[in-house]
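Working notes, structure below.
The values are calculated or read from the model by the stated rules, or taken from the named source; none is laboratory data. None of the values given here were measured: they were computed from a predicted structure. With ideal geometry, Cβ positions are generated from the backbone for all residues, glycine too; neighbour counts draw on all protein chains shown.
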Amino acid sequence: MNKVVLTTHIDSGLNQALEEIARFDNRSASDLADQAIRNLVEERLATRDLLRHGLHLVATGDIRAVDSAAVHDWLNSDEDTFPKAR
């Protein structure tokens, strides 16, 4: 995998914490930052794909929804049965 240099500015306290974690894990701060960025990107891409899929289901009418007011009322009640989708 080709690597590139990424320069960024972070809070000094955050940098100190990152360095401490890196020493504890016997890894470099750069490796930890790379892992954190990779995890963030994977999570955001997965979220984007889920949103696109959900929007597609809504657009094609292949989804039934539960009214948000019904969910709110259910959360504030003692009912065990989740509200029905419409």
task = Sort through 12, 30 and tell me the only one that's small (Gly, Ala, Ser), without any contact (Cβ under 8 Å) to a residue 12 or more places away in the chain and surrounded by 12 or more Cβ atoms within 10 Å (Cβ to Cβ).
result = 30
inquiry  = Being out of contact with any Cys (no Cβ under 7 Å at 6 or more places or on another chain), surrounded by 10 or more Cβ atoms within 10 Å (Cβ to Cβ) and modelled with pLDDT under 90 is the requirement here; does residue 85 meet it?
reply    = yes
